[in-house]
Amino acid sequence: LLKNLNTTFEEMEVVSRAGLGMLKFVEAVMSYCDVAKEVRPKREKVARLERNYFLSKRELEKIQAELAKIQDELKALGRKYEEAIAEKQQLQEEAEIMQRRLNAADKLISGLGSENERWTKDLEEFKIRKVKLLGDCLLCAAFLSYEGAFNWEFRNEMVYQVWQEDILSREIPLSQPFRLESLLTNEVEVS
């Protein structure tokens, strides 16, 4: 209707002052309506964007809280992993030490295998010497008790001929060949 009217404010003021006020009012309302038509969708869009912003902000806070929780769990798992690695390293070192000890024990056992043979022979000899120890001790005790005052020839004759033959005649076991030195001393002291 205003477009069809095709009137300016000056023309309306000439016709009617009240009409001028009314025309200004209608123009203002029409301008307001035009602006409101443009602004209203923008306001709605702003309101929608603000809602989306607050929802996104809440979602972000929730995600950040979950992220912090996951990071704490990750740190805890990292500590457990480091502890497990340290324990693994310690166990590996202990295993290496045990392996070295096992190898040393194997070498010792194999080395002692030859000693076992020697000890077995020595044991057999000791069993034989144990039986003959009675006669050997008897002859040595007689030598120490009675022979000190006599010269070497007489002592030698008494020990190796008279007493030794007497012990053998009585069937007392005696080492053959009998040597006083074997019971009274050892090779280190003699040398």
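Counting Lys and Arg as +1 and Asp and Glu as -1, what is the net charge of the other residues whose Cβ lies under 13 Å from the Cβ of TYR81? Present the calculation step by step, with values, prior to reporting the outcome.
Details: positive: LYS75, ARG79, LYS80, LYS88; negative: GLU73, GLU82, GLU83, GLU87.
Summing Lys and Arg as +1 and Asp and Glu as -1 gives 0.
Per-residue accessible area for MET30 at 1.4 Å probe radius, Å² rounded to 10?
It works out to around 90 Å².
Applying the Karplus parametrisation 6.51 cos²θ - 1.76 cosθ + 1.60 with θ = phi - 60° to the phi angles of the stretch 162-167, what ³J(HN,Hα) value in whole Hz is obtained for each residue in order, glycine and proline being reported as x?
With coefficients 6.51, -1.76 and 1.60, one gets 5, 6, 4, 5, 5, 5 Hz.
Convert each backbone phi in the stretch 89-97 into a coupling constant with the Karplus relation 6.51 cos²θ - 1.76 cosθ + 1.60 (shift: θ = phi - 60°), then list the ³J(HN,Hα) values in order as whole Hz, x for Gly and Pro.
4, 4, 5, 5, 5, 5, 5, 5, 4
If one computes the Cα centroid of the stretch 88-156 and of the stretch 1-49, what distance in Å separates the two points?
Each part's Cα centre sits 129 Å from the other's.
Rounded to a whole number, what is D in µm²/s for the stretch 51-101 from Stokes-Einstein with the Kirkwood radius over alpha-carbon pairs (37 °C, 0.692 mPa s)?
Answer from the Stokes-Einstein relation: 233 µm²/s.
With a 1.4 Å probe and every protein chain left in place, work out the accessible area per residue of the chain in Å², rounded to a whole number. Provide the component values of the computation, followed by the final result.
Values: 16690 Å² over 191 residues.
On a per-residue basis, 87 Å².
Over the chain, what is the relative contact order in percent, taking alpha-carbon pairs closer than 8 angstrom and at least six residues apart? Intermediate values should be presented prior to the final figure.
Numbers: 43 pairs, mean separation 28.8, N = 191.
For the chain, the relative contact order is 15 percent.
If the convex hull of the alpha-carbon atoms of the chain is projected onto planes in all directions, what is the mean projected area in square nanometres?
That works out to 31.4 nm².
Under a point-charge model restricted to the Cβ atoms of Lys and Arg (+1) and Asp and Glu (-1), what is the dipole moment magnitude of the chain relative to its Cα centre, in debye to the nearest 20? Show your work: numbers first, answer last.
On the way: 30 positive and 35 negative charges, 481 e Å.
In debye, rounded to 20, the chain gives about 2300.
The values are calculated or read from the model by the stated rules, or taken from the named source; none is laboratory data. Predicted, not measured: the structure shown is a model, and the values here were computed from it. Positions of Cβ are generated from backbone atoms using ideal geometry, with glycine treated the same way; all protein chains shown enter the neighbour counts. For accessibility, only protein heavy atoms count, side chains too; no ligands or nucleic acids. Shrake-Rupley method; radii C 1.70, N 1.55, O 1.52, S 1.80 Å.
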